Every structure is written in C-alpha cells, then in structure tokens.
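Student: Pasting a structure here, questions to come.
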Number of protein chains: 4
Amino acid sequence: MTLDDLAARQRAFAEARDWGPFHTPKNLVMALTGEVGELTELFQWLTATEAARAADDPALRPKIEDELADVFLYLIRLADVLGVDLVAAANAKIDRNEHRFPPGVGGAALRKD
Amino acid sequence: MTLDDLAARQRAFAEARDWGPFHTPKNLVMALTGEVGELTELFQWLTATEAARAADDPALRPKIEDELADVFLYLIRLADVLGVDLVAAANAKIDRNEHRFPPGVGGAALRKD
Amino acid sequence: MTLDDLAARQRAFAEARDWGPFHTPKNLVMALTGEVGELTELFQWLTATEAARAADDPALRPKIEDELADVFLYLIRLADVLGVDLVAAANAKIDRNEHRFPPGVGGAALRKD
Amino acid sequence: MTLDDLAARQRAFAEARDWGPFHTPKNLVMALTGEVGELTELFQWLTATEAARAADDPALRPKIEDELADVFLYLIRLADVLGVDLVAAANAKIDRNEHRFPPGVGGAALRKD
C-alpha cells in the first residue's frame, strides 16, 4: 500500500462522516500538535535508556504504534488537503540536506542547525 | 519510492554523518515537536480562508512543502529507530476508527473524541 | 500570590513526592509539549467564532482553565529548574519587541516575523 | 510586577499595533505551539547531562530566556483573551494534584498519570 492509497482511504473515511468541513489546514495543523503531544507523553518521564527500549515493552508498544499512526494520519490528511506530495517533498528535502551537511560532518553541525 | 525506501535513505544519511547517537527516541520526538512548531508558524496568523488557499501562494507553498517534509522525515526516522511499521500502524488505526465512528456519524462525534 | 510563590509551591510538591529526578529540563520541555497538545485539542475542531466564545461555555471553561494551568505549571517548574526569572525575561522580551515592532506597524509585520 | 501587570502591558502592546484581530484563541494556541517548538529545539540534541547545565552556557542562556519568555507571553495573552486568571487556575490545579498524588507517592505515579 502506497502513501497515495492511505491518503485516499482517509479521504473516503472523512467524506463518509461529513468531516470535510472540519478538516481545514489550520484545524489539521492543530490536530497534528495534539497527536505529537500524546506521543510525547509516552516518552517524557522515561530515561534515555528506558526510551531506547520502549518499543520492546509489551504494554507500551501498542500505545507507541497508536500515537505514531495518529501523527502519520493527520500529516497525510493535511498534505492531501493542501495538495502536497509528501514523498516528493521529503526526497527534495534530503537532496537539499545532502548539500547542507556533507558526509562526515558530525554532530556539531546537527546542533548548530 | 516506498516509505521503506525513504526510511533507508534517511538511515544512510544519518550514518554517513555519525548522527546515530543523537537520533534517540526522546531526541527525535523533540525534533518532531520542533518541526510541527515551524509548520504551525506558517499558518498561525492566517484566517481560515487564507489558510485554505495557502498552498496556492507561490511564496508560501515551498515553505509549506519544506516543513511538511521535515515533520514527515523525523516521523519516519523515529518509527525506524523504534522498529515500527508506520503504514501497518496507520491501517490498523483506520480499521479501529471505522468501528469507533460509524459512517454518517457527523462532526459532533469528532468533537467529542 | 506571586510567581515566586507558585514556583516554591511546585518545588515543595515535587520534593514531597520524590519527583525531582524526573523534573529534568528535557523531560519538562516534553511535558510542556504534552500539555500544549491537550490545550490545542480543546480548540482544534472549533470554528474561529466558536473558539472566541469557548470560555463562556460552562462545559468547556473548566477544561480550558485546567489545561492553561498545566501549561503554566510546567513552564514555571522548567524556569525554576533552569534558574530563569520568567517575569524579568518576559519584560526584557517586550522591551525588545517595542523596538522591533514600532506602534502602528499593523498585522503585516506580525505575519512576517 | 504581577501577572496582571504583564497581561496589561501585552494588551497595550497589541492594541498599539492593531494586533487584536490576530490574537484570537485559535491563533494564540498555535503561536504557543510555535514557541514551545522553538524552546524544544534548544534542548533536543543535548544529552540529559548537557541539558541539566544548559542555563550555565553563556551562549545558550539568552536563547533559553528568550524562548521561555515567548512561551510565557503567549500564554498570558491567551489567558487574558479568554478571561482566565492563570494564578487562580494554577493554584486550583495544585490543590487537585495534592489529592490525586499523596506525598511520598514516588515516580511510578507520575509515569502512570
């Protein structure tokens, strides 16, 4: 299943529930914020070591998958409403990043960005 | 290009720059927050009407594509580091939502969620 | 009651529950993200008109107060842990903004910021 | 200077620049998200140890103060627009938390919340 298929599945889902009028760009950006907040809450009190193993915890893993899915679904829906091709935009961004950050540049460059 | 290809491209990008140690779950969740913040800044002072047409604005469109790409890339990277299949998680979530929100349920159900 | 009193009240609260080790800057920044996400969820599906009257809705108002309080409390706690005087920092920022944005500058300047 | 003074200072600032129409609840919630995103970016690539000392770094400290101020100022402005007394709401929330989390409850309770 491609990203286009997922976007189409969500579009049909929203239409069948008359949610189109709610799915405006501002509202969807806010929904994305809400879901990133819920994802963050799963990790906020974990140590770095615990967080690195969080996906191995059978109680936590389904919650992580659920929140990652929510962020992903609102991101796809927002891009669909705006008419943006996420995969093309992502590849174009990595292309630009390959020029900004030459191989071997190390962590100092990441921190300065 | 599939999501797996994009994840592999980012993994190679991070490895070539020794960014692996920085790409921990907590750090990537925070990076996602930062990028959603930048995306939000593009829409925050627009009216609902202006926001609906934002992607038609030639000055704004490349910024929107850039920020959507950043959110998408950190989401893919986070899922990759956690070993979560985003497409499978998203489909499983829509499956559950189809039970929670029957067709025709309307906007009141969305708002109560 | 001043902001210092509130910071002291929260510090005592955290100490009495042995939460000090969890209240690191990274964790508190993440907690702030989580609470801003919850606040956002209260407004995301409202129209601009509905949102302007949200605090008059007897069912919604206590939720808004609760989420504003959560954001405020984590912000105070974070500033306290970092040793930053929020009121001084806020006044210094308005001072700078008075130079960046002369009176009468209008909304275009806000949007370009 | 009290929180009321700061709210009044910001109100006058917004009025003198005709920013009132932009300072709607939805827009201010989004502005808060943007500022929390910028604050998060200061901490995201730091280790826990580095983040704990971030405010001692002379290059980083003014940026931290600046971003904390931005979050604080939009929070105060949002509460003012909504007619919510932040200090009263925060004290009421700590009162409730004292019942939910008895002294000595420890970190497990925080994580379950």
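Student: Which one of these does D:VAL105 not meet: (1) part of a helix (DSSP H, G or I); (2) over 12 Å from the mean Cα position of the chain (by Cα)?
Tutor: Tallying (1) part of a helix (DSSP H, G or I); (2) over 12 Å from the mean Cα position of the chain (by Cα), D:VAL105 fails exactly one: (1).
Student: Consider only pairs whose beta carbons are under 8 Å apart and that are at least six residues apart or on different chains; among these, list those whose first residue lies in the stretch C:101-113 and is more than 7 Å from chain D (Cβ to nearest Cβ) and surrounded by 11 or more Cβ atoms within 10 Å (Cβ to Cβ) and whose second residue is assigned to a loop (DSSP other than H, G, I, E, B) and among the aromatic types (Phe, Trp, Tyr).
Tutor: Going by the 8 Å Cβ cut-off, the qualifying pairs are C:ALA109/C:PHE101; C:ARG111/B:TRP45.
Student: Working only within the stretch A:62-86, note down all residues that are more than 8 Å from chain B (Cβ to nearest Cβ) and among the aromatic types (Phe, Trp, Tyr).
Tutor: A:TYR74 - this is the single residue of the stretch A:62-86 that is more than 8 Å from chain B (Cβ to nearest Cβ) and among the aromatic types (Phe, Trp, Tyr).
Student: Run D:ALA89 past the list (1) within 14 Å of chain B (Cβ to nearest Cβ); (2) buried (at least 20 other Cβ atoms within 10 Å of the Cβ) and report the number of the one that doesn't hold.
Tutor: Going through the list (1) within 14 Å of chain B (Cβ to nearest Cβ); (2) buried (at least 20 other Cβ atoms within 10 Å of the Cβ), D:ALA89 breaks only (1).
Student: So for the stretch C:38-47 (the condition being of a type in the set (S, T, N, Q), out of contact with any helix residue (DSSP H, G or I) (no Cβ under 6 Å at 6 or more places or on another chain) and more than 20 Å from D:LEU75 (Cα to Cα)), does at least one residue qualify?
Tutor: Looking through the stretch C:38-47, at least one residue is of a type in the set (S, T, N, Q), out of contact with any helix residue (DSSP H, G or I) (no Cβ under 6 Å at 6 or more places or on another chain) and more than 20 Å from D:LEU75 (Cα to Cα).
Student: Here's something else I'd like to know. Which one of the conditions (1) touching a helix residue (DSSP H, G or I) at 6+ places or on another chain (Cβ under 9 Å); (2) over 22 Å from B:PHE43 (Cα atoms) does A:GLU15 fail to meet, given that it meets all the rest?
Tutor: Here A:GLU15 clears every test but (1).
Student: Mind listing whichever residues of the stretch B:10-23 are crowded, with 17+ Cβ neighbours inside 10 Å and without any contact (Cβ under 8 Å) to a residue 60 or more places away in the chain?
Tutor: B:PHE13, B:ARG17, B:TRP19, B:PHE22, B:HIS23, listed by residue number.
Student: Based on this model, can you work out whether C:LYS26 counts as crowded, with 21+ Cβ neighbours inside 10 Å and either over 26 Å from B:VAL36 (Cβ atoms) or basic (Lys, Arg) (or both)?
Tutor: Considered against the rule, which asks whether it is crowded, with 21+ Cβ neighbours inside 10 Å and either over 26 Å from B:VAL36 (Cβ atoms) or basic (Lys, Arg) (or both), C:LYS26 comes out as yes.
Student: Can you tell me how many residues in the stretch D:52-73 are without any contact (Cβ under 8 Å) to a residue 24 or more places away in the chain and surrounded by fewer than 22 Cβ atoms within 10 Å (Cβ to Cβ)?
Tutor: So the answer is 14.
Student: Shifting gears a bit: Considering only residues of the stretch A:91-113 that are closer than 22 Å to D:LYS63 by Cβ and of a type in the set (Lys, Arg), which is modelled with the highest pLDDT?
Tutor: Applying the filter and picking the extreme gives A:ARG100.
Student: Then there is this: Tell me which residues, restricted to the stretch A:1-34, are more than 15 Å from A:PHE72 (Cα to Cα) and polar (S, T, N, Q).
Tutor: A:THR24, A:ASN27
Student: Here's something else I'd like to know. Here are the criteria: (1) within 30 Å of B:PRO21 (Cβ to Cβ); (2) touching a Ser or Thr at 6+ places or on another chain (Cβ under 8 Å). Tell me which single one D:GLU65 does not satisfy.
Tutor: Status for D:GLU65: all satisfied but (2).
Student: Considering every residue within the stretch A:48-68, establish whether at least one is more than 30 Å from D:ARG111 (Cβ to Cβ) and modelled with pLDDT of 95 or more.
Tutor: No.
Student: Is it true that some residue in the stretch D:90-97 is part of a helix (DSSP H, G or I), in contact with a helix residue (DSSP H, G or I) (Cβ under 6 Å, 6 or more places away or on another chain) and not aliphatic (A, V, I, L, M)?
Tutor: yes
Student: Quick one: would you say C:ALA69 is under 17 Å from D:ASP80 (Cα atoms) and within 12 Å of the chain's Cα centre (by Cα)?
Tutor: Here the answer is yes, as C:ALA69 does meet what is asked.
Student: Please go through the stretch A:15-61 and give me each residue that is more than 7 Å from every other protein chain (Cβ to nearest Cβ), part of a helix (DSSP H, G or I) and polar (S, T, N, Q), ordered by number.
Tutor: Matches in the stretch A:15-61: A:THR49 only.
The values are calculated or read from the model by the stated rules, or taken from the named source; none is laboratory data. These numbers were taken from a predicted model, which means no experiment stands behind them. Every residue, glycine among them, receives a Cβ derived from its backbone with ideal geometry; neighbour counts consider all protein chains shown.
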